[in-house]
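J.: Structure provided below as C-alpha cells; questions to follow.
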Amino acid sequence: MKKVKISLGITLLILSTYVFGNTTQFIAAKIIDNDNQTEEAFTSRGGMEGWAKVSFIIDKDGNTRDIVVFDNSGKDRYTTKTIRYIKNLKYAPARANDNPVSSAKNMFISHTYSEAGHSEASITPAFAREYQLIMDSFANSSANMNDVNQLIDKLVDDHTKNLNEHALAAWLKSIYYYKNQDFLEYMRQSQITVDLYQYLPIAILAKSSVNLFESQLYFGYFSEAKQTLSRMGNTDGLNLSEQTQAEFLGLLKDKMASESDKVIKGKVTHLGAWSYDHQIPKFQVKLTNGNIDSVELRCNRFQQKYTSNWQNTMEIPSQANGCILLIQGDVGTTFDIIETAI
C-alpha cells in the first residue's frame with residue numbers, strides 16, 4: 001500500500017435535511033427520549049471501559065429494532081450493554097415529504113465509568129511502560145513481528161482498562177498491521193483510533209486520520225472517506241488551512257474519477273459482521289475467502305436481507321437513500337463489493 005504524504009484537513013457539511021429524487025424532502029430521525037440511566041449506560045464492571053459499533057433500524061414509530069453489534073473492544077459485556085442501550089432509545093422517526101418512514105443508522109458508542117459520560121482516567125504507568133517497549137520494537141528493524149504481536153496482545157489483555165489506553169492500543173495495532181501488510185485490518189484499527197479521537201494526543205490523531213483517509217481511498221471507501229474529512233475538519237486542535245482542505249478534496253475527487261470499476265473490499269470482524277455506509281446503486285458481492293451468511297441493505301424507506309442468492313446483482317430502489325450495507329458471516333471472511341452497470 002503506497003503511503004501518501006499529506007497534511008490533514010477538510011470540512012464537509014453533513015445535513016440532516018435534504019432533497020433527493022427531485023421531489024422528496026427527507027428529515028433524519030432524531031433521539032427524543034433516552035430511558036438509559038447514566039450509570040447503566042456508561043458503567044463497566046471491574047472499572048474497565050470499552051466501545052462498540054452498532055447498526056440498527058428505526059421504524060415508523062421511532063422504535064429501534066434489528067440491532068446488530070458489528071465490532072467492539074473485545075469484551076462480550078459491551079455487546080450486551082450496547083444492545084440494551086439502543087433498545088432504550090426513542091426517536092422521532094425519519095420523515096419523507098412529512099410522512100414518517102423507517103430509516104437505518106450506524107453508531108459508535110463509548111462505555112466509560114464516569115457519571116458524566118466521559119473517561120477521566122489517564123494511562124497507567126504499567127501501560128506506558130509496555131507501550132514504549134512496543135514502540136521501541138517497531139523502531140528496531142530486526143525485531144520479530146510475532147513477538148511484537150504477543151506484546152500487543154499482552155498489553156491489551158493486562159493493561160488496557162480505559163478509553164485513553166484503548167485509543168493508544170488501536171494506534172499500536174494499526175502500526176503492526178501496516179508493517180505486516182494486512183491493510184484491511186490496518187484500516188480497521190486506524191478507524192478505531194480516530195473514533196476515539198478525544199482520547200488521543202493531537203500528533204497521533206493527525207497521523208491516524210491521514211492513515212485512515214489514505215486507506216479508505218485505497219480500498220474504495222469513498223463515502224466513509226468523506227465522513228473522515230468532515231470529522232477531522234471539525235476537530236479542535238488540528239488548525240486546518242483552506243489549502244489543506246482543498247488538497248484533501250482534490251485527492252478524493254481524483255481517486256473517485258480514476259476508478260472506472262468501483263470495488264470495495266471488506267472483512268468480517270471478530271463479531272461475525274461488517275458494515276459500511278453504502279452508496280453504490282447496483283452491485284454484486286463476491287466472496288474471496290470464508291463464508292457469508294447474509295447480506296442486508298438498510299436504507300431510509302427500504303430494508304432487505306438476503307440469506308440466499310446474495311451472489312446475484314442487487315439494486316437499491318429509486319425511493320431509497322442513506323443506505324448501510326451489513327454483511328454477516330464467519331470471522332475473517334473477505335469479499336469484494338463490485339459496482340455493476342445501471
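The values are calculated or read from the model by the stated rules, or taken from the named source; none is laboratory data. Not measured: the values here are computed from a predicted model. Note that each Cβ is placed from the backbone with ideal geometry, even for glycine, and that neighbours are counted across all protein chains shown. Heads up: the accessible areas ignore ligands, DNA and RNA and are worked out on the full protein's heavy atoms, side chains in. Shrake-Rupley method; radii C 1.70, N 1.55, O 1.52, S 1.80 Å.
J.: With a 1.4 Å probe and every protein chain kept in, tell me what percent of the accessible surface of the range 286-333 is carbon plus sulfur.
T.: On the range 286-333, the fraction of accessible area on carbon and sulfur atoms equals 38 percent.
J.: Residue 262: which lysines have alpha carbons under 26 Å from its alpha carbon, excluding same-chain residues fewer than 8 sequence positions away?
T.: By straight Cα distance, residue 262 reaches 2, 3, 5, 53, 105, 226, 253, 282, 286, 305.
J.: Moving on to the next point. Out of residues 5 or more away from residue 51 or on other chains, whose amide H comes under 5 Å of its own, with H placed 1.01 Å from N in the peptide plane?
T.: Amide H neighbours of residue 51: 73, 111.
J.: To continue, here is another question. Less than 9 Å Cβ to Cβ from residue 155, Lys/Arg counted +1 and Asp/Glu -1: what total charge do the surrounding residues give?
T.: Value of the local net charge: -4.
J.: Taking loop as defined by DSSP and a crowding limit of 16 other beta carbons within 10 Å, which chymotrypsin sites (Phe, Trp or Tyr not before Pro) in the range 53-107 fit?
T.: When the chymotrypsin sites (Phe, Trp or Tyr not before Pro) of the range 53-107 are filtered for loop state and at most 16 Cβ neighbours within 10 Å, nothing remains.
J.: So what's the gap between the Cα centers of the range 243-290 and the range 196-231, to the nearest angstrom?
T.: With the range 243-290 and the range 196-231 each reduced to a Cα centre, they are spaced 14 Å.
J.: If you don't mind, another one. Computed from the coordinates I sent, P(r) over Cα pairs in 10 Å bins from 0, in percent equals one of [x] 6, 25, 28, 19, 12, 7, 3, 0; [y] 6, 27, 34, 22, 9, 2, 0; [z] 5, 23, 33, 28, 9, 1, 0. Tell me the label.
T.: The value computed from this structure is option [z].
J.: Ordering 182, 330 from largest to smallest accessible area (1.4 angstrom probe), what's the sequence?
T.: Listed by decreasing accessible area, they come as 330, 182.
J.: In percent, what relative contact order does the range 191-342 have, based on Cα pairs under 8 Å that are 6 or more apart in sequence?
T.: 26 percent
J.: Shifting gears a bit: Let me have the relative contact order for the chain, percent, based on Cα pairs under 8 Å that are six or more residues apart.
T.: Over the chain, the number comes to 19 percent.
J.: Right, something else. Given a 1.4 Å probe and every protein chain left where it sits, what share in percent of the accessible area of the range 188-278 is carbon and sulfur?
T.: With neighbouring chains kept in place, the figure for the range 188-278 is 47 percent.
J.: Modelled label-to-label distance, residue 63 and residue 242, 7 Å Cα→beta-carbon offset: nm?
T.: 5.2 nm
J.: Please report the accessible area of residue 195 (heavy atoms, 1.4 Å probe, ligands and nucleic acids excluded) in Å², nearest 10.
T.: That residue has around 20 Å² of solvent-accessible surface.
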